[in-house]
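Accompanying notes for the structure given below.
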Amino acid sequence: MATTNDIKNGTVLKLEGQLWNVIEFQHVKPGKGGAFVRTKMRNVMSGKVVDKTFNAGLKIETATVDRRDYQYLYQDGADFVFMDTSDYDQITVSGATVGDATNFMLENQMVNIAIHDGNPLYIELPPSVVLEITYTEPGLQGDRSSAGTKPATLETGYEIQVPLFIENNTKVKVDTRDGSYLGRVSE
(Lines give C-alpha, C1' and ligand atoms only; values in the text may rest on other atoms or scores of the structure.)
Protein backbone atom coordinates (compact mmCIF):
# COMPACT_ATOMS: atom_id res chain seq x y z
CA MET A 1 0.00 0.00 0.00
CA ALA A 2 1.16 3.50 -0.82
CA THR A 3 -0.23 6.95 -0.13
CA THR A 4 -1.37 9.65 -2.53
CA ASN A 5 1.94 11.42 -1.83
CA ASP A 6 3.70 8.60 -3.77
CA ILE A 7 1.78 9.24 -7.02
CA LYS A 8 4.00 10.03 -10.00
CA ASN A 9 3.45 10.10 -13.79
CA GLY A 10 3.41 6.52 -15.07
CA THR A 11 2.33 5.00 -11.73
CA VAL A 12 -0.29 2.26 -12.17
CA LEU A 13 -3.01 2.28 -9.49
CA LYS A 14 -5.51 -0.46 -8.67
CA LEU A 15 -8.88 1.21 -8.04
CA GLU A 16 -12.21 -0.63 -7.77
CA GLY A 17 -10.65 -3.76 -9.30
CA GLN A 18 -9.33 -1.96 -12.39
CA LEU A 19 -5.86 -0.73 -13.38
CA TRP A 20 -5.37 3.00 -14.00
CA ASN A 21 -2.20 4.61 -15.41
CA VAL A 22 -1.48 8.12 -14.05
CA ILE A 23 -0.96 10.49 -17.00
CA GLU A 24 -0.49 13.65 -14.92
CA PHE A 25 -0.89 14.72 -11.33
CA GLN A 26 -0.83 17.90 -9.27
CA HIS A 27 -0.41 18.21 -5.51
CA VAL A 28 -2.62 21.10 -4.38
CA LYS A 29 -2.49 22.84 -0.98
CA PRO A 30 -5.19 25.51 -0.84
CA GLY A 31 -4.97 28.27 1.75
CA LYS A 32 -8.07 26.99 3.47
CA GLY A 33 -8.80 23.30 3.99
CA GLY A 34 -6.72 20.16 3.55
CA ALA A 35 -4.29 19.35 0.77
CA PHE A 36 -5.32 17.05 -2.09
CA VAL A 37 -3.90 15.42 -5.20
CA ARG A 38 -5.60 16.04 -8.56
CA THR A 39 -4.86 13.33 -11.15
CA LYS A 40 -5.68 12.51 -14.76
CA MET A 41 -5.69 8.73 -15.26
CA ARG A 42 -6.17 6.36 -18.21
CA ASN A 43 -7.88 3.00 -17.77
CA VAL A 44 -5.30 0.44 -18.91
CA MET A 45 -7.85 -1.91 -20.49
CA SER A 46 -10.42 0.45 -22.07
CA GLY A 47 -8.23 3.54 -22.66
CA LYS A 48 -10.85 5.80 -21.02
CA VAL A 49 -9.36 8.95 -19.46
CA VAL A 50 -10.83 10.36 -16.21
CA ASP A 51 -9.97 13.09 -13.71
CA LYS A 52 -9.91 11.97 -10.08
CA THR A 53 -9.10 13.85 -6.88
CA PHE A 54 -7.65 12.17 -3.77
CA ASN A 55 -7.23 13.63 -0.29
CA ALA A 56 -3.54 13.98 0.64
CA GLY A 57 -2.19 11.05 2.65
CA LEU A 58 -4.99 8.68 1.58
CA LYS A 59 -3.89 5.03 1.27
CA ILE A 60 -4.06 3.70 -2.30
CA GLU A 61 -3.12 0.38 -3.87
CA THR A 62 -0.46 0.40 -6.58
CA ALA A 63 -0.11 -2.40 -9.12
CA THR A 64 3.23 -3.99 -9.92
CA VAL A 65 3.87 -3.32 -13.59
CA ASP A 66 7.00 -4.59 -15.32
CA ARG A 67 8.13 -2.42 -18.25
CA ARG A 68 10.61 -4.12 -20.57
CA ASP A 69 12.14 -3.52 -23.98
CA TYR A 70 10.85 -5.75 -26.75
CA GLN A 71 11.58 -5.99 -30.46
CA TYR A 72 8.62 -6.15 -32.84
CA LEU A 73 9.05 -9.24 -35.03
CA TYR A 74 5.95 -9.78 -37.18
CA GLN A 75 2.16 -9.73 -37.36
CA ASP A 76 0.37 -13.07 -36.98
CA GLY A 77 -3.22 -12.58 -38.12
CA ALA A 78 -4.76 -10.04 -35.71
CA ASP A 79 -1.96 -10.55 -33.16
CA PHE A 80 1.57 -9.17 -32.98
CA VAL A 81 4.69 -11.09 -31.97
CA PHE A 82 7.43 -9.40 -29.92
CA MET A 83 10.77 -10.69 -28.62
CA ASP A 84 12.31 -9.81 -25.25
CA THR A 85 15.81 -8.60 -26.12
CA SER A 86 17.32 -9.77 -22.83
CA ASP A 87 16.31 -13.46 -22.87
CA TYR A 88 14.93 -13.88 -26.44
CA ASP A 89 11.50 -15.04 -25.19
CA GLN A 90 8.66 -14.30 -27.61
CA ILE A 91 5.25 -13.04 -26.56
CA THR A 92 2.09 -12.58 -28.60
CA VAL A 93 0.10 -9.39 -28.01
CA SER A 94 -3.47 -8.89 -29.27
CA GLY A 95 -4.23 -6.18 -31.80
CA ALA A 96 -6.57 -4.51 -29.28
CA THR A 97 -3.70 -4.12 -26.80
CA VAL A 98 -1.34 -2.77 -29.47
CA GLY A 99 -4.00 -0.26 -30.60
CA ASP A 100 -2.90 2.76 -32.64
CA ALA A 101 0.78 1.82 -32.25
CA THR A 102 0.35 -0.34 -35.39
CA ASN A 103 0.36 2.87 -37.44
CA PHE A 104 4.00 3.54 -36.53
CA MET A 105 5.56 0.07 -36.02
CA LEU A 106 7.96 -1.51 -38.49
CA GLU A 107 9.50 -4.96 -38.12
CA ASN A 108 12.58 -5.05 -35.84
CA GLN A 109 11.54 -1.80 -34.11
CA MET A 110 12.11 -1.50 -30.36
CA VAL A 111 9.06 -0.84 -28.15
CA ASN A 112 8.39 -0.81 -24.42
CA ILE A 113 5.68 -3.21 -23.18
CA ALA A 114 4.07 -2.90 -19.74
CA ILE A 115 3.18 -6.32 -18.25
CA HIS A 116 1.06 -7.02 -15.14
CA ASP A 117 0.66 -10.63 -13.87
CA GLY A 118 1.95 -11.97 -17.21
CA ASN A 119 -0.60 -10.01 -19.28
CA PRO A 120 0.57 -7.24 -21.64
CA LEU A 121 -1.28 -4.03 -20.70
CA TYR A 122 -0.11 -1.49 -23.27
CA ILE A 123 2.71 -0.65 -25.65
CA GLU A 124 4.85 2.49 -25.47
CA LEU A 125 6.55 3.65 -28.65
CA PRO A 126 9.41 6.15 -28.74
CA PRO A 127 8.08 9.76 -28.93
CA SER A 128 8.98 9.91 -32.63
CA VAL A 129 9.84 7.44 -35.41
CA VAL A 130 11.37 7.76 -38.87
CA LEU A 131 9.20 6.38 -41.66
CA GLU A 132 9.26 6.58 -45.45
CA ILE A 133 6.55 8.21 -47.58
CA THR A 134 5.33 5.59 -50.07
CA TYR A 135 2.78 7.75 -51.90
CA THR A 136 1.85 11.41 -52.07
CA GLU A 137 0.45 13.65 -54.80
CA PRO A 138 2.86 16.13 -56.37
CA GLY A 139 2.68 19.46 -54.54
CA LEU A 140 1.52 22.42 -56.58
CA GLN A 141 2.65 25.93 -55.74
CA GLY A 142 -0.44 28.06 -55.99
CA ASP A 143 -2.59 30.78 -54.55
CA ARG A 144 -2.80 30.41 -50.80
CA SER A 145 -2.09 32.70 -47.91
CA SER A 146 -0.41 30.13 -45.60
CA ALA A 147 1.78 27.07 -45.91
CA GLY A 148 -0.23 24.23 -47.42
CA THR A 149 -0.31 20.56 -46.55
CA LYS A 150 -1.28 17.43 -48.45
CA PRO A 151 -2.02 13.81 -47.46
CA ALA A 152 0.82 11.29 -47.64
CA THR A 153 0.83 7.52 -47.04
CA LEU A 154 3.59 6.09 -44.85
CA GLU A 155 5.22 2.68 -45.35
CA THR A 156 2.98 1.31 -42.56
CA GLY A 157 -0.13 2.34 -44.53
CA TYR A 158 -1.01 5.21 -42.17
CA GLU A 159 -1.90 8.58 -43.73
CA ILE A 160 -0.55 11.88 -42.35
CA GLN A 161 -0.53 15.53 -43.47
CA VAL A 162 2.83 16.78 -44.81
CA PRO A 163 4.05 20.06 -46.39
CA LEU A 164 3.72 20.42 -50.17
CA PHE A 165 7.47 20.04 -50.85
CA ILE A 166 7.58 16.41 -49.58
CA GLU A 167 7.91 13.82 -52.37
CA ASN A 168 7.60 10.03 -52.65
CA ASN A 169 10.36 7.94 -50.96
CA THR A 170 11.25 10.77 -48.56
CA LYS A 171 12.05 9.77 -44.98
CA VAL A 172 10.13 11.84 -42.43
CA LYS A 173 10.02 12.03 -38.64
CA VAL A 174 6.53 11.39 -37.22
CA ASP A 175 5.22 12.06 -33.69
CA THR A 176 3.80 8.72 -32.39
CA ARG A 177 1.46 10.41 -29.89
CA ASP A 178 -0.68 12.31 -32.41
CA GLY A 179 0.62 11.23 -35.85
CA SER A 180 1.86 14.69 -36.83
CA TYR A 181 4.71 15.46 -39.24
CA LEU A 182 7.85 16.66 -37.42
CA GLY A 183 10.31 17.12 -40.29
CA ARG A 184 12.40 15.54 -43.04
CA VAL A 185 15.26 13.23 -42.18
CA SER A 186 18.41 13.43 -44.26
CA GLU A 187 20.22 10.15 -44.86
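The values are calculated or read from the model by the stated rules, or taken from the named source; none is laboratory data. For clarity, every value in this text was computed on a predicted model and none was experimentally measured. Don't worry about glycine lacking a Cβ; one is built from the backbone with ideal geometry, like all the others, and counts go over all protein chains shown. Note: areas computed on protein heavy atoms with side chains; ligands, DNA, RNA excluded. Shrake-Rupley method; radii C 1.70, N 1.55, O 1.52, S 1.80 Å.
For the stretch 1-124, report the accessible area per residue in Å² (1.4 Å probe, heavy atoms, rounded to an integer). Computed with neighbouring chains in place, this is 58 Å² per residue. Put simply, the amide H of residue 11, placed in the peptide plane, has neighbours under 5 Å in 22, leaving out anything fewer than 5 places away on its chain. The residue list 127, 152, 39 was ranked by how far each Cα lies along the charge dipole of the chain toward its positive end, using unit charges on Cβ atoms, and 39 comes out on top. Dipole size of the chain about its Cα centre, with +1 on Lys/Arg Cβ and -1 on Asp/Glu Cβ: approximately 1260 debye, rounded to the nearest 20. Enumerate the residues in the stretch 1-17 having an amide nitrogen under 18 Å from the point lying 7 Å beyond the Cα of residue 40 toward its Cβ. Hits in the stretch 1-17 for residue 40 at 18 Å: 7-13. Summing +1 for each Lys or Arg and -1 for each Asp or Glu among the other residues whose beta-carbon sits under 12 angstrom from that of residue 94 gives -2.
Which label marks the calculated value of Cα Rg over 2.2 N^0.38 Å, given the options (i) 1.50; (ii) 1.30; (iii) 1.01? Structure-derived value, by its label: (ii). Of all accessible surface on the stretch 49-187 at a 1.4 Å probe, what whole percent is carbon and sulfur? Roughly 44 percent of what the probe reaches on the stretch 49-187 is carbon or sulfur.
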